[in-house]
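Reading through the structure tokens given below for one structure.
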Amino acid sequence: MPKTILLVEDDFFIRELYQKAMEMKGFRVLTAVDGEEAIEVYEKERPDVVLLDIMLPSMSGMDVLKHLKTAVTDGQKTPVIMVTNLDTPEAMEEAQRLGADDFWIKSLKTPMEAAEDVNHYIICLLYTS
């Protein structure tokens, strides 16, 4: 059974690029375009990894991160990776403080590189669970 990725990205073009790259790696990809939808999909599907943009309509990615990291998940630790172009030290520090597992700058990593890195997270999850 393929591992599931929740991709939270409001930009259609970027979302499509990342989704296709993840699917080429064999992942099942769920998408959300805003924070509220992300929380709804997360709670329903319990993905293996979340890729989360910071700048989202209606609810920031930081607020979503806070919710995901405090949600009861039956002991499941879901890696949440911030994927953004907001590359300020303040954003990185806040994401780390809220429990982000990693912080990727979109302009510095191709979607295929991101898919390969997600694959590494999945492998680590298999060996630690």
If amide H atoms are modeled at 1.01 Å from N in the peptide plane, then the residues at a separation of 5 or more from Thr31, or on another chain, having amide H under 5 Å from its own are Leu7
Report the equivalent ellipsoid semi-axes for the chain in whole Å, largest first, defined as the square roots of five times the eigenvalues of the gyration tensor built from alpha carbon atoms. 19, 18, 15
About its Cα centre, segment 45-120 carries a charge dipole, from +1 on Lys and Arg Cβ atoms and -1 on Asp and Glu Cβ atoms, whose size in debye to the nearest 20 is 180 debye
Lys and Arg at +1, Asp and Glu at -1: add these up for the other residues within a Cβ distance under 12 Å of Leu17 and post the number. -1
Computed over the chain: relative contact order in percent, which uses C-alpha pairs under 8 Å that are six or more apart: 25 percent
Between segment 84-125 and segment 27-75, how far is it from one alpha carbon centroid to the other, in angstrom? 14 Å
With every protein chain left in place, what is the accessible area per residue of the chain in square angstrom, probe 1.4 Å? 54 Å²
Before rounding to the nearest 500, sum -39500 (n - 2.57) across all DSSP H runs of length at least 4 in the chain and divide by the residue total; then give [θ] at 222 nm in deg cm²/dmol. -15000 deg cm²/dmol
Computed lengthening from Lys77 to Cys124, 0.36 nm per intervening residue step minus Cα-Cα distance: 15.7 nm
Ignoring ligands, DNA and RNA, please state the percent of accessible area on the chain from carbon and sulfur, probe 1.4 Å. 55 percent
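The values are calculated or read from the model by the stated rules, or taken from the named source; none is laboratory data. Worth saying up front: this structure is predicted, and the values here are computed from it rather than measured. Cβ coordinates were reconstructed from backbone atoms using ideal geometry, including for glycine residues, and neighbour counts include every protein chain displayed. Surface areas here come from the heavy atoms of the whole protein model, side chains and all, with no ligands, DNA or RNA. Shrake-Rupley method; radii C 1.70, N 1.55, O 1.52, S 1.80 Å.
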